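The values are calculated or read from the model by the stated rules, or taken from the named source; none is laboratory data. Here the structure is a predicted model, which is why all the values come from computation and not from measurement. Heads up, the Cβs are rebuilt from the backbone with ideal geometry, glycines too, and the neighbour counts pull from every protein chain shown. Accessible surface is based on the protein model in full, side chains and every heavy atom, while ligands, DNA and RNA are left aside. Shrake-Rupley method; radii C 1.70, N 1.55, O 1.52, S 1.80 Å.
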Amino acid sequence: MSLIHEIDYGTPRSKAETMVTLTIDGETMTVPEGTSIMRAAKEMGTAIPKLCATDMVEAFGSCRLCLVEIEGRAGTPASCTTPVLPGMVVKTQTDRLKRLRKGVMELYISDHPLDCLTCAANGDCELQDMAGAVGLRDVRYGHEGHNHPNPGLDESNPYFTYDPSKCIVCSRCVRACEEVQGTFALTIAGRGFDSVVSPGMEESFLGSECVSCGACVQACPTATLTEKSVIEIGQPEHSVITTCAYCGVGCTFKAEMRGNEVVRMVPWKDGKANRGHSCVKGRFAWGYASHKERILNPMIRESITDPWREVSWEEAIAHTASEFKRIQAKYGRLSIGGITSSRCTNEETFLVQKLIRGGFGNNNVDTCARVCHSPTGYGLSQTYGTSAGTQDFDSVEQSDVILLIGANPTDAHPVFGSRMKKRLREGAKLIVLDPRRIDLVRMPHVEASHHLPLRPGTNVAVLTALAHVVVTEGLADEHFVRERCDWDEFQDWAAFVADPRHSPEAISELCGVPAEDIRAAARLYAGGENGAIYYGLGVTEHSQGSTTVMAIANLAMATGNIGRPGVGVNPLRGQNNVQGACDMGSFPHEFSGYRHVSGDETRQLFESLWGVPLDSEPGLRIPNMLDAAVDGVFKGLYVQGEDILQSDPDTRHVAAGLAAMECVVVQDLFLNETANYAHVFLPGSTFLEKDGTFTNAERRIQRVRKVMPSKSGKADWEITLDLAHAMGFDMNYAHPSEIMDEIARLTPSFAGVSYAKLEAEGSVQWPCNEKAPLGTPVMHIDGFVRGRGRFMVTEYVATDERTGPRFPLLLTTGRILSQYNVGAQTRRTENVVWHGEDRLEIHPHDAEQRGVHDGQWVKLASRSGETSLRALITERVAPGVVYTTFHHPGTQANVVTTDFSDWATNCPEYKVTAVQVMPSNGPTAWQEGYDEQSRNSRRIAPLVEAAE
Amino acid sequence: MSERSSDKLVHMANQIGKFFASQGAETAPAAIAEHLRKFWDPRMRVGILAHLEAGGAGLDPLVRDAIEKLREMMAVR
Ligand code: SF4
Ligand code: SF4
Ligand code: SF4
Ligand code: FES
């Protein structure tokens, strides 16, 4: 293993199809039109000296180091800004060029501090490299030339420093922030020799608009912007390619290491989801892996009021198996079950469901996708025949109109958000359907054409109204529909949506959006060349979540926006492996590849390979498990990598369900909230400590690679394996690659997937099989997976969660950039500087009516329960709507959410809860009681006591 | 099955009914029954059957028909 040095071609790849042939240093070279001379030379293997150019951003031409000579042209043009032309004859190295470059370098070095030996970038500094490359041996101006103005070291960002004395004002950072990240946080302030990089108007990095994505740090050729971890540890010596374990974008990173210590995570340019970009979480927030609160030894306890007792792996596994067996003997085969994790690998998830189906002998397995994207699975399989998004992320580069529904990509899917912003800056139009004025509605250089701030819970009504406009104004793509969809079903659907009761005018009052805005949005979406829909949990987490997904699918079919790059229906998945967890058969009613357990042929396939009979009846879903537990018939639960107490709705009900069980086994990194109710704790491993694969929101299967040994001694898949053996269920694998081989054997859409192929290709998107050996970036190209596209009638049904005099406001929940899900990881990193607590966003009008001041404690109450948190007064939310995040257990936002759920999948209705808000003095009695219970529950008996 | 649980089942079954209602009284009950068979675990199905047996308070008419159908489907199996 060595350090991977990625090639920097100096300027971005040209996408042109026309090719141009030229001669560089006597060699003939053919490249796409629009390629710079610098890039053409590099592709040939010749590195022209450069400082201000890097291939992540457009060339700028300021340093004058990359000069070349071109036959027939006077002067020495910059090769980074000069595009190739047919027949051009270029020389990259002549006496004149050497002299000029030396002169340029002399100037740079004369005012650069010469503390190279102790500089953090020593060994990774392009200024050093260039001094070497041009053969600089002498600086005629002396080294006393005064350094650039030095406003002082800025260490405000928790992850990187800015040392202006080292800055060569190449503006790579400024361009990276603009072009790659799209935040426009940096400017070059001052002029000429006095110019300096500045975040905002004399602000520190932390106080500026900066979102800490790290793009500028990566772009900086010197030590000016440097990761604090590099300053502290030193330069890395080897690197391993792996996949971020946070969100469903699935960014590829180089874990740059020194021994077993991670020095930094650097986004990999060949990563097909991220193309070299990252967000603050994947790039910097990995410190939780070595946080002092991580539990590294297995623990058990008799009762949840006892302190934990550390035990050996053997004892923990044997105890768990004997408890599960005892419970099944006493309460029956169906009395236990398990939950797989969208954070774990495909292989680990597959094993957990295998253990449950094969070892527990029932189908009581579910996954946290239940509470996020289960309606996507149901809705898209009904209409298109497959439970996944239709496009790859690259597709957005070809979209002309983007319809964004109930998603906030700049916070929740930041790298994809940046790619979307880039396309919007190029001129694509944006329509935002969201109760909140998310950042994309208006931010630097991006402005939505339409924002429809609909009332929470009225998605179906608004989507049907959009369809009404499409059908009644003749905007449907009849040719596409006739060719690709069921024409009779289309006509039924068209008649339904054309009904005047679905017109924008008719539903305007209900949804709170002016009719003309709905009409204009529909015209824009239907009229664009390539219309793409992206959506998130604002679509799924409703009592009509599945209906909304179908309404989206209808709209895309009716306008012919399916089956080619630039269009499609794209669910933005929350956690890193939600897609994978669903694919792997984590749902109680289906095996991997979305095949129902009642299908005899499929079941027999699994039975013959696993050597056990399998149940043909669907098992319990998470909410059903909890109901059954409260009813006294469900007694044992194996939870891998989930924190249902914090993440699932109606906390009190979840707590009652868990408390009613006799053996709750939690496998996680930390004593999470669910572990307060656990009897066995099995310490899990982070993504840095194991091999496997994740599948991102674009169905891309990517390798996770072990970069350090497991701190607890076992990877999560090994724990499941041990548990299976102890339960008497035989399964054997020496490496996760063997699990993938089994998945491929049993799952048609994965038939062509193997670690060898992933090694060779980097990643593949399923379906990957004989028909598509290298995977499928865009689905439904020649026909829908189910045959003909199916239009579904989507009648709007108001949720039963209604506002009234007691609970007059609507609460909707979400998340923010720096935190992730229940926050178990991100709260244990420096990311807390951006979000130390959950706040309640409330409109100034509603706040004033209630006498609530900014920052004041307020009580948030619903029919389920109440909690307290501090208020944030903002116009981002509409009057009548309040909003909060659920990253902090102290807030317990889910004490307030209700047990209403999607009709088809039981996905909880997180996005609509009728609430009241009133000033309060601080945490509620429940919060204080909970806090005490948590502290008690986390006690670990000292080893001495345990030994006695 | 507790009262809360059977109330919940009734609520959930009616929700499913409301989606399929647009397919008309002819086909909706079969579609609802099929949905219950595919997605509800046996205990929940037994629960809703028992609730219908006990008078079926709160169940929408289409859903009652569907649960009758479900009973037939389960008997065949
Ligand atoms: S970290 Fe990202 S957002 Fe912040 S200044 Fe650098 S590029 Fe811009
Ligand atoms: S901070 Fe780095 S990237 Fe930015 S202008 Fe200075 S040297 Fe260039
Ligand atoms: S966008 Fe998502 S996958 Fe990419 S670095 Fe951020 S959290 Fe990780
Ligand atoms: S690299 Fe071309 S001008 Fe700087």
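Do you know which residues across region A:52-81 are away from ligand 1 (no atom under 16 Å from the Cβ), touching an Asp or Glu at 6+ places or on another chain (Cβ under 9 Å) and of a type in the set (A, V, I, L, M)?
Listed by number, the list holds a single entry, A:Ala53.
Report, by residue number, each residue of region A:163-172 that is within 16 Å of ligand 4 (Cβ to nearest atom) and out of contact with any Leu (no Cβ under 7 Å at 6 or more places or on another chain). Quick ask: steps written out before the conclusion?
Kept after step one, since they are within 16 Å of ligand 4 (Cβ to nearest atom), are these residues of region A:163-172: A:167-172.
Once the filter is applied, which keeps residues that are within 16 Å of ligand 4 (Cβ to nearest atom) and out of contact with any Leu (no Cβ under 7 Å at 6 or more places or on another chain), region A:163-172 yields A:Cys167, A:Val169, A:Ser171, A:Arg172.
If you check A:Pro588, A:Pro623, which single one turns out to be open to solvent by less than 10 Å² (accessible area, probe 1.4 Å), closer than 29 Å to A:Tyr331 by Cβ and either of a type in the set (Asp, Glu) or within 14 Å of chain B (Cβ to nearest Cβ) (or both)?
Exactly one residue qualifies, and that residue is A:Pro588.
Residues being within 12 Å of ligand 1 (Cβ to nearest atom) and more than 29 Å from the chain's Cα centre (by Cα): count how many of those fall in region A:185-202. Talk me through it step by step, then tell me what you get.
Pass one, region A:185-202, residues within 12 Å of ligand 1 (Cβ to nearest atom): A:185-187, A:197-200.
The next check asks that each one be more than 29 Å from the chain's Cα centre (by Cα); those that pass are A:197-198.
Selection size over region A:185-202: 2.
Name every residue in region A:156-177 that is in contact (Cβ under 8 Å) with a residue 40 or more places away in the chain and within 11 Å of ligand 1 (Cβ to nearest atom), in order of residue number.
Selection gives A:Asn157, A:Tyr159, A:Phe160, A:Tyr162, A:Arg172, A:Cys173, A:Val174, A:Arg175, A:Ala176.
So, in region A:709-738, how many residues would count as being under 25 Å from the mean Cα position of the chain (by Cα) and within 24 Å of A:Glu642 (Cβ to Cβ)?
5
Kindly indicate the residue of region A:27-55 that is basic (Lys, Arg) and in a helix (DSSP H, G or I) and also least open to solvent (accessible area, probe 1.4 Å) among those meeting that condition.
Result: A:Arg39.
Can you tell me which residues in region A:469-501 are in contact with a helix residue (DSSP H, G or I) (Cβ under 6 Å, 6 or more places away or on another chain), open to solvent by less than 50 Å² (accessible area, probe 1.4 Å) and more than 12 Å from A:Val793 (Cα to Cα)?
A:Val469, A:Val470, A:Val471, A:Ala476, A:Val481, A:Cys485
Before we move on, is A:Ser171 modelled with pLDDT under 90, open to solvent by less than 40 Å² (accessible area, probe 1.4 Å), within 12 Å of ligand 2 (Cβ to nearest atom) and away from chain B (no Cβ under 14 Å)? Write out each step before concluding.
On the way: modelled with pLDDT under 90: no; open to solvent by less than 40 Å² (accessible area, probe 1.4 Å): yes; within 12 Å of ligand 2 (Cβ to nearest atom): yes; away from chain B (no Cβ under 14 Å): yes.
Judged against the criteria, A:Ser171 is not a match.
Only one of A:Asp138, A:Asp95, A:Asp124, A:Asp129 is within 16 Å of ligand 4 (Cβ to nearest atom), open to solvent by 60 Å² or more (accessible area, probe 1.4 Å) and not aliphatic (A, V, I, L, M); which?
On inspection, the qualifying residue turns out to be A:Asp129.
Table: residues versus (1) in contact with a helix residue (DSSP H, G or I) (Cβ under 6 Å, 6 or more places away or on another chain); (2) touching a residue at least 12 places away in the same chain (Cβ under 8 Å); (3) within 14 Å of another protein chain (Cβ to nearest Cβ).
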position: A:Gly527; (1), (2), (3): no, yes, no
position: A:Val539; (1), (2), (3): yes, yes, no
position: A:Thr547; (1), (2), (3): yes, yes, yes
position: A:Ile552; (1), (2), (3): no, yes, no
position: A:Leu555; (1), (2), (3): yes, yes, no
position: A:Cys582; (1), (2), (3): yes, yes, no
position: A:Glu607; (1), (2), (3): no, no, no
position: A:Asp615; (1), (2), (3): no, yes, yes
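Which is within 13 Å of ligand 3 (Cβ to nearest atom) and of a type in the set (Gly, Ala, Ser), of A:Ala223, A:Ala273?
Matching residue, one of A:Ala223, A:Ala273: A:Ala273.
Can we say A:Ser868 is small (Gly, Ala, Ser) and closer than 30 Å to B:Ala33 by Cβ?
Answer is no for this residue.
Does A:Ile24 satisfy the condition of being surrounded by 16 or more Cβ atoms within 10 Å (Cβ to Cβ), out of contact with any Phe, Trp or Tyr (no Cβ under 8 Å at 6 or more places or on another chain) and more than 26 Å from A:Val169 (Cβ to Cβ)?
yes
If you go through region A:241-254 one residue at a time, do you hit one that is open to solvent by 40 Å² or more (accessible area, probe 1.4 Å) and either of a type outside the set (Asp, Glu) or touching a helix residue (DSSP H, G or I) at 6+ places or on another chain (Cβ under 6 Å) (or both)?
no
Considering only region A:885-911, state which residues are within 14 Å of chain B (Cβ to nearest Cβ), part of a loop (DSSP other than H, G, I, E, B) and within 24 Å of the chain's Cα centre (by Cα).
Within region A:885-911, A:Asp902, A:Thr905, A:Asn906, A:Cys907, A:Glu909 meet the criteria.
Quick one: which strands (runs of 3 or more DSSP E) lie wholly within region A:747-859 and hold at least 2 residues that are out of contact with any helix residue (DSSP H, G or I) (no Cβ under 6 Å at 6 or more places or on another chain) and closer than 19 Å to A:Pro435 by Cα?
In region A:747-859, the matching strands (runs of 3 or more DSSP E) lie at A:809-814, A:839-842.
So for region A:369-377 (the condition being assigned to a helix (DSSP H, G or I), open to solvent by 10 Å² or more (accessible area, probe 1.4 Å) and of a type in the set (D, E, K, R)), does at least one residue qualify?
Checked against the condition, which is being assigned to a helix (DSSP H, G or I), open to solvent by 10 Å² or more (accessible area, probe 1.4 Å) and of a type in the set (D, E, K, R), region A:369-377 yields no hits at all.
Would you mention how many residues in region A:683-734 are open to solvent by less than 30 Å² (accessible area, probe 1.4 Å), within 30 Å of A:Leu3 (Cβ to Cβ) and either within 15 Å of ligand 3 (Cβ to nearest atom) or of a type in the set (A, V, I, L, M) (or both)?
Count: 16.
Are there any pairs with C-beta distances below 7 angstrom linking a residue in region A:50-66 that is aromatic (Phe, Trp, Tyr) to a residue that is within 6 Å of ligand 4 (Cβ to nearest atom), with the two at least 6 apart or on different chains, and if so which?
Short answer, once both residue conditions are applied: A:Phe60/A:Cys52.
How many of the residues making up region B:61-76 are at pLDDT 90 or above and within 12 Å of another protein chain (Cβ to nearest Cβ)?
Of the residues in that region, 1 qualify.
Of these, A:Thr11, A:Thr18, which one is at pLDDT 95 or above, open to solvent by 70 Å² or more (accessible area, probe 1.4 Å) and under 14 Å from A:Pro83 (Cβ atoms)?
Checking each option against the conditions leaves just A:Thr18.
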